[in-house]
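Participant: Okay, handing you the structure first.
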Amino acid sequence: NDGTECEVREAYVDADALVDHAFHVREARDALFAESAYDHRMAFYGDPSPRLEELINRIGVDATRFTLLQALEPAGIK
């Protein structure tokens with residue numbers, strides 16, 4: 001309500017490790033989102049695995065995808 005924002009950055013060995021992590025923290029994440037977190041967005045650097053793509057589509061998260069080339073470009077280059 002006061003406009004406070006939080007950004008969490010996480011790195012995983014591969015796309016499927018993110019899926020495994022999501023299932024392990026599901027209860028804690030659901031409690032957090034029920035109380036105060038909303039407007040969940042994710043950014044992916046590289047190609048998601050078919051398993052991760054399925055999860056993204058199933059839960060409907062706002063996901064931005066970057067290719068490796070885009071991830072290495074300095075800010076402002078289009």
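Bear in mind that the values in this text are calculations on the coordinates, not laboratory data. All figures in this text were calculated on a predicted structure; none of them were measured in a lab. Cβ atoms come from the backbone with ideal geometry, glycine included; neighbour counts cover every protein chain shown.
Participant: Cβ neighbours within 10 Å, averaged per peptide: list 2-11, 47-56, 19-28 in order, most packed at the top.
Facilitator: Details: 2-11: 5.5, 47-56: 15.3, 19-28: 11.5.
Listed from highest to lowest mean packing, they are 47-56, 19-28, 2-11.
Participant: R0 = 22 Å: FRET efficiency of Asn57 with Thr4, Cβ-based, nearest 0.05? Each step should come with its number before you reach the end.
Facilitator: Values: r = 30 Å, r/R0 = 1.36.
Once rounded, the FRET efficiency stands at 0.15.
Participant: Next up: Using modelled backbone amide H atoms (1.01 Å from N, in-plane), which distant-in-sequence or interchain residues come within less than 5 Å of Ala63's amide H?
Facilitator: Met42
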